[in-house]
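What follows is one structure encoded as structure tokens, with my remarks underneath.
The values are calculated or read from the model by the stated rules, or taken from the named source; none is laboratory data. None of the values given here were measured: they were computed from a predicted structure. For neighbour counting, all protein chains shown are included, and Cβ atoms are generated from backbone atoms with ideal geometry for every residue, glycine included.
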Amino acid sequence: MQRSLYSIILGFGLVASGSAVAGEWKAFPVRDADYKPEMTLSLVGGNMNPSHVASGSYVGAELAFNCIAIQPPTGIIRSKVSLGSFDKNGMKITTFEVNPRWTTHLSDNLTFGIGPGIGYVKTDMAGQTTNMAALQAGVDLDYRIGALNLGLGARWQGTQNKLVNNTLRGADNTLIQAKLGINF
């Protein structure tokens, strides 16, 4: 996980430094009179593939909005906060994630986003609970049709290497998800 983490950080650092050179970053855009949060609340469903059990269904919710802390000179940072769960073969995983995505328009209603994230993962296996910090990297496509939002996303999540059920280490996983949401 450590090598993957360094690669992710290096990659995002190169992208950010390229954008920073291209123009001026804006701190706390929420203070501007023209700031619009463009909130989207979505139901999420998909397929999670954890490292220690077979893949299975994932369900959750996501709240996305334009970042209040910083905006790049090109594109926009969308903050995506999500809560979801997985339960298969005796392993329950609950994730809470914060995933900022640098987002750009591919067309008027279609956006592409990419970015890192941090999270909290709770596993429950055979009655033993383990809590772990997590790092993510992911991509999203979102399509707006008026108040309706349709989305697809994929992300990799690496967790702390803690013992789960005294036998397994960590709960690294990948997630492919579809989203159905409402734009506010």
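Would you say residue 137 is in contact with a helix residue (DSSP H, G or I) (Cβ under 6 Å, 6 or more places away or on another chain) and either hydroxyl-bearing (Ser, Thr, Tyr) or crowded, with 21+ Cβ neighbours inside 10 Å (or both)?
Working: in contact with a helix residue (DSSP H, G or I) (Cβ under 6 Å, 6 or more places away or on another chain): yes; either hydroxyl-bearing (Ser, Thr, Tyr) or crowded, with 21+ Cβ neighbours inside 10 Å (or both): yes.
Criteria met by residue 137.
Give the residues of region 150-165 that are more than 18 Å from residue 114 (Cβ to Cβ) and either modelled with pLDDT of 95 or more or aliphatic (A, V, I, L, M) (or both), sorted by residue number. Full working, then the answer.
So in region 150-165, the residues more than 18 Å from residue 114 (Cβ to Cβ) come out as 150, 159-165.
Residues satisfying the conditions are 150, 163, 164.
Residue by residue through region 166-184, note down the ones that are among the basic types (Lys, Arg) and modelled with pLDDT of 95 or more. Can you show your working first?
Of all residues in region 166-184, those among the basic types (Lys, Arg) come to 169, 179.
Listed by number, the list holds a single entry, 179.
Can you pull out every residue in region 118-130 that is part of a strand (DSSP E or B) and either free of Cβ contacts under 8 Å to residues at least 40 places away in the same chain or under 13 Å from residue 84 (Cβ atoms) (or both)? Give the derivation first.
Pass one, region 118-130, residues part of a strand (DSSP E or B): 118-125, 128-130.
Those that are part of a strand (DSSP E or B) and either free of Cβ contacts under 8 Å to residues at least 40 places away in the same chain or under 13 Å from residue 84 (Cβ atoms) (or both): 118, 119, 120, 121, 122, 124, 128, 129.
Out of (1) in a strand (DSSP E or B); (2) surrounded by fewer than 15 Cβ atoms within 10 Å (Cβ to Cβ); (3) not hydroxyl-bearing (Ser, Thr, Tyr), the odd one out for residue 161 is which?
The one condition residue 161 does not meet is (1).
Cβ-Cβ under 7 Å, sequence separation 6+ or interchain: first residue in region 93-114 and closer than 12 Å to residue 82 by Cβ, partner in a strand (DSSP E or B) and among the basic types (Lys, Arg). Which pairs?
Filtered contacts from region 93-114: 94/122; 99/80; 101/78; 101/80.
When only residues in region 120-134 that are within 16 Å of the chain's Cα centre (by Cα) and surrounded by fewer than 20 Cβ atoms within 10 Å (Cβ to Cβ) count, which is farthest from residue 79 (Cα to Cα)? Even if it seems obvious, please write down each step before you answer.
Of all residues in region 120-134, those within 16 Å of the chain's Cα centre (by Cα) come to 120-121, 133-134.
If we keep only those that are surrounded by fewer than 20 Cβ atoms within 10 Å (Cβ to Cβ) too, we end up with 120, 133.
Working: 120: 16, 133: 19 Å.
Across region 120-134, the extreme among qualifying residues is 133.
Kindly evaluate residue 134 against the criterion of being outside any loop (DSSP other than H, G, I, E, B) and in contact with a Leu (Cβ under 7 Å, 6 or more places away or on another chain). Reasoning before the result, please.
Values: outside any loop (DSSP other than H, G, I, E, B): yes; in contact with a Leu (Cβ under 7 Å, 6 or more places away or on another chain): no.
Here the answer is no, as residue 134 does not meet what is asked.
Filtering region 142-158 down to residues that are under 12 Å from the mean Cα position of the chain (by Cα) and surrounded by fewer than 21 Cβ atoms within 10 Å (Cβ to Cβ), which residue is farthest from residue 90 (Cα to Cα)?
The extreme case among them is 152.
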